[in-house]
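The next block holds one structure in the form of structure tokens; read it before the comments.
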Amino acid sequence: MQQTMVVRDKEVLKSLISPIRSKILQLLINEELAVQQLANKLETSAGSAYYHVKGLQDAGLVEETRTEMEKNIMMRFYRAVARQFKVDFSIITDEADEEVTKWVKSRVESIITGLQAYNIVIPKEKFPDAVKYLTELVNLENKIKEEISPTSPELLNNIAPSIREDISSLMEMYHQNQDNDLINAREKLISFLRKYEKT
């Protein structure tokens with residue numbers, strides 16, 4: 001299982017947008033499960049669970065890890081292919097898929113609007129600039145996250161998920177602070193945000 005997968009394909013992103021598939025993916029990040037186990041957790045039929053797992057598998061987000069016989073029934077177990085999934089925000093430049101573009105734009109604009117909770121109020125007419133700076137930074141961060149992988153992943157298997165996340169965050173920060181393009185993008189965004197910080 002890789003640490004981070006960056007989603008750049010619109011069709012794959014549609015699987016992340018789907019509430020039921022997003023929930024299945026979260027379950028499969030945390031543990032390996034068979035379809036019937038997923039169905040029980042989701043309180044749905046095995047047929048419905050399999051349909052969505054198959055869609056996630058076709059999108060390259062989950063994989064079959066093993067099979068096991070139980071009472072003459074072949075049980076197939078699945079797991080997410082990564083511990084976290086990030087979206088390439090540059091997808092919003094492609095207007096060809098309205099559903100995906102709308103979802104990504106809404107997500108980016110929600111981040112910008114949410115900054116008000118921290119006394120950073122960006123006027124609506126400056127949103128395109130904020131989107132540009134944020135998109136550049138997030139995509140550079142995602143690229144680095146995607147490239148980081150432990151040299152001894154087996155050592156992480158016996159560590160609690162929350163601690164694994166802390167280790168991952170530390171390594172991301174370590175690598176990001178060595179990347180000049182990312183440092184420059186971060187400085188541009190910070191400089192932009194400072195202009196709209198209310199004191």
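Subtracting the Cα-Cα distance of ILE148 and GLU63 from their residue separation scaled by 0.36 nm leaves 28.5 nm.
Of the beta bridges in the chain, as assigned by DSSP with both residues counted there, near 70 percent are antiparallel. Potential lengthening of the chain between GLU11 and GLU125 amounts to 38.0 nm, from the contour at 0.36 nm per residue minus the alpha-carbon distance.
For the set LYS124/LYS145; LYS105/LYS198; LYS14/LYS41; LYS14/LYS188; LYS14/LYS198, the pairs lying more than 28 angstrom apart at their alpha carbons are LYS124/LYS145; LYS14/LYS188; LYS14/LYS198. Averaged over residues, the count of other Cβ atoms within 10 Å places the peptides 58-68, 25-35, 152-162 in the sequence 25-35, 58-68, 152-162, highest first. For P(r) over Cα pairs in 10 Å bins from 0, in percent, computed directly from the structure shown, the correct entry in [x] 8, 28, 32, 22, 9, 2, 0; [y] 8, 25, 24, 17, 10, 7, 4, 3, 2, 0; [z] 10, 35, 31, 18, 5, 0 is [x]. With +1 assigned to the C-beta of every Lys and Arg and -1 to the C-beta of every Asp and Glu, and no other charges, what is the dipole magnitude of the chain about the Cα centre in debye, to the nearest 20? For the chain, the charge dipole is close to 500 debye.
Taking Cβ atoms as reference points and 13 Å as the exclusive limit, the residues near GLN176 contribute a net charge of -4, counting Lys and Arg as +1 and Asp and Glu as -1. Sorted on the mean count of surrounding Cβ atoms within 10 Å across their residues, most packed first, peptides 12-23, 173-184 read 12-23, 173-184.
Label sites at ASN180 and GLN26, each approximated as a point 7 angstrom past Cα along Cα to Cβ, lie 4.1 nm apart. Report the net charge of residues surrounding GLU64, where surrounding means a beta-carbon distance below 13 angstrom and charges are Lys +1, Arg +1, Asp -1, Glu -1. With Lys, Arg at +1 and Asp, Glu at -1, the neighbours total 0. With a Förster radius of 22 Å applied to the beta-carbon distance between ILE163 and LYS41, the computed FRET efficiency rounds to 0.35. Relative to the longest principal axis of the Cα atoms of the chain, the long axis of helix 98-114 lies at roughly 60 degrees.
Laboratory data are not the source of any read-out in this text; all were calculated from the coordinates shown. None of the values given here were measured: they were computed from a predicted structure. Counting neighbours? That spans all protein chains shown, and the Cβs are built from the backbone with ideal geometry, glycine included.
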